[in-house]
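The values are calculated or read from the model by the stated rules, or taken from the named source; none is laboratory data. These numbers come from a predicted model, not from an experiment. Using ideal geometry, Cβ is built from the backbone for each residue, glycine included, and neighbour counts are taken over all protein chains shown. For accessibility, only protein heavy atoms count, side chains too; no ligands or nucleic acids. Shrake-Rupley method; radii C 1.70, N 1.55, O 1.52, S 1.80 Å.
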Amino acid sequence: MIYLIAAVAFAGTLGALNLVLLLGVIRRLREHTDLLAQGATGGRELPVIAVGERVGAATAVTEGGAEISTARLADGTVVAFFAPDCGPCREKVPAFAQFARRVPGGRDRVLAVVVDTVGDGSLFVDALGGVAQVVVETPDGPLSDAFQVRAFPTVLRVARQGGAVVVAENRLAAELAPAAAAR
């Protein structure tokens with residue numbers, strides 16, 4: 001009988017401990033949910049520029065020799081940032097090239113920025129040159145700074161609001177359907 005009482009007491013204690021731990025986990029999940037809902041990052045920078053935020057002023061020269069200015073980007077222009085040393089970028093560039101072919105306005109409405117850290121961006125330039133205006137820059141280049149790019153790949157769409165260029169969408173996937181590109 002003593003063993004039965006000990007087993008019941010042990011099971012009760014274990015159940016109570018489990019309940020306390022579960023309540024702690026639920027409390028932490030609520031805190032994290034609140035932080036995510038508020039957009040708080042705990043002092044860390046967001047990896048993507050926020051929707052509605054103004055794009056900084058910058059100019060750059062495309063691989064074709066044309067000068068690009070963020071102030072002159074057309075409404076609805078898709079801007080993508082890729083890095084040759086980024087595995088997901090290597091996977092997404094072909095899909096992005098397919099997507100870019102369907103963007104209304106053609107290559108004049110697509111800007112691809114290759115942030116080349118190791119000097120092997122030529123494959124990206126070749127893959128995107130026919131479907132987008134391509135700029136090759138170093139990390140922290142003028143376009144990367146203007147769009148606050150801190151993660152790759154980054155694909156977004158800009159809009160014009162009262163003469164300013166702002167981010168309209170900041171989480172475009174390279175696999176967007178043609179209907180989504182026509183917005």
- Item | In nm, spacing of pseudo-spin labels at Arg30 and Ala7 (7 Å Cα→C-beta vector) | 3.7
- Longest span of the chain, sites excluded, free of GluC sites (Glu not before Pro) in DSSP loop with at most 11 other C-beta atoms within 10 Å? 46-174
- Would you mind checking the tilt of helix 87-101 against the longest principal axis of the Cα atoms of the chain, expressed as 0 to 90 degrees and rounded to 10? 50
- Message: With Cα Rg over 2.2 N^0.38 Å as the read-out, I listed [x] 0.97; [y] 1.14; [z] 1.51; which label goes with the value calculated from this structure?
- Response: [z]
- Just the number, please: percent antiparallel of the DSSP beta bridges in the chain, rounded to the nearest 5. 55
- Query: How large, in percent, is the carbon and sulfur part of the accessible surface of the chain at a probe radius of 1.4 Å?
  - Reply: 59
- accessible surface per residue for the chain, probe 1.4 Å, DNA/RNA/ligands not counted, whole Å² -> 58
